Amino acid sequence: MNKMASQGVGLTKQAFGLVDDLMTPNAAIYWVDTIVSVVLMWGGLYVAATTGNLVIGLVAGLVSVLALYRALSFIHELTHIRDDEAPGYRTGWNILVGVPLMTPSLMYEGVHNIHHIKDRFGTALDPEYLPLSRFTPLGLAGFLFVALLAPLGVILRSVVLIPLSFVVPPLRKYLKTKLSALIINPDFVREDLNRWRTAWVLQDIGCWLWSWAVIAATVAGVLPLRAVLTGLAIFAVATFVNQARTLVAHLWDNEGDKMSLDEQFLDSVNVPPPNLASELWAPVGLRYHALHHLLPRLPYHNLGKAHARLAQALGADSPYHHASAKGLFEALADLFKRVGEKNAAQKNAGKQAAH
């Protein structure tokens, strides 16, 4: 990695010079993409929850899973665009997606940005990094499958913890510091308590009222239980897919050391064309994760164009070409292989030390 990093000194500056005309977000694309995704999400859920045909139900459910995942993924874009670049979009997204899915933008704003701070990336202060390649295969599998419980977590937060936090001050502080962030580093603590905006409080209240309204409608028989359970299953599958995508977003080799910008880029992964399926399991530009770390302000709808331009313009010896994987399963297989090899090496080292 260090050799490649040294070859790529100034890669960020070089890349920016090649794609600086692509840095402006198109608000119309954000709105249209989000609205279409929301329509497909609810439409697919409705069909899956009402049809008597198993095949139609499964197809509709799959459409809803992918649409929900795509709609929710815009929370990532919200952390990188300014309000004046897409007027009203932040509020609109929270109304259409964040509150109904009980995952408002406050859970990523002020959190994800830390992942892009040069001196924090890959360290113990990074909310989105763990040395996963040092896990055991069983631990890695556990990390993947625990995502199926994510919907239950946001429900508990919205139904019980948010309303209680308004009458129990210590709980409110704990909710803000430990239970209001989408993270993978369990030791991360939010430090921006003084920046807790009115909008964030309203988002919390919205999640609380929405969750209680759904429960009341279900108890009253207005909302069929089948629809609620189908919605939970769709949400759980979507979070599982996202967790699988997370496993291939980085190499996860760093163990807390500070990394240069080029090293951070080389620890990140693109899954570009010709792999077309990556648009489904890594939507809204997430399949260009390494490029995103190189140029975080590059809007998702221009990442594909930027990647094609950089891949053509940068020479074969550029480290830019060392940050791509062929596909999801290939990248997952590589991670589990590295994990297995490291665990085997540790066991052998332990046996030799014992002798």
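The values are calculated or read from the model by the stated rules, or taken from the named source; none is laboratory data. Bear in mind the structure is a predicted one, so any value in this text is a computation, not a measurement. For neighbour counting, all protein chains shown are included, and Cβ atoms are generated from backbone atoms with ideal geometry for every residue, glycine included.
Below is a table of values for the structure above.
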read-out: Subset of the stretch 47-78 that is over 21 Å from residue 280 (Cα atoms) and not aliphatic (A, V, I, L, M) - its residue that is surrounded by the fewest Cβ atoms within 10 Å (Cβ to Cβ); value: 52
read-out: Some residue of the stretch 82-89 being part of a helix (DSSP H, G or I) and under 27 Å from residue 148 (Cβ atoms); value: no
read-out: Meets criteria (under 23 Å from residue 302 (Cα atoms) and small (Gly, Ala, Ser)) for residue 282; value: yes
read-out: Test: residue in the stretch 111-120 that is farther than 30 Å from residue 257 by Cα and either modelled with pLDDT of 95 or more or of a type outside the set (A, V, I, L, M) (or both); value: no
read-out: Failed criterion for residue 41 (all others in (1) closer than 17 Å to residue 199 by Cβ; (2) touching a Ser or Thr at 6+ places or on another chain (Cβ under 7 Å) hold); value: (1)
read-out: Some residue of the stretch 99-110 being modelled with pLDDT under 95 and in the same structural domain as residue 207 (by TED's automatic domain parsing); value: yes
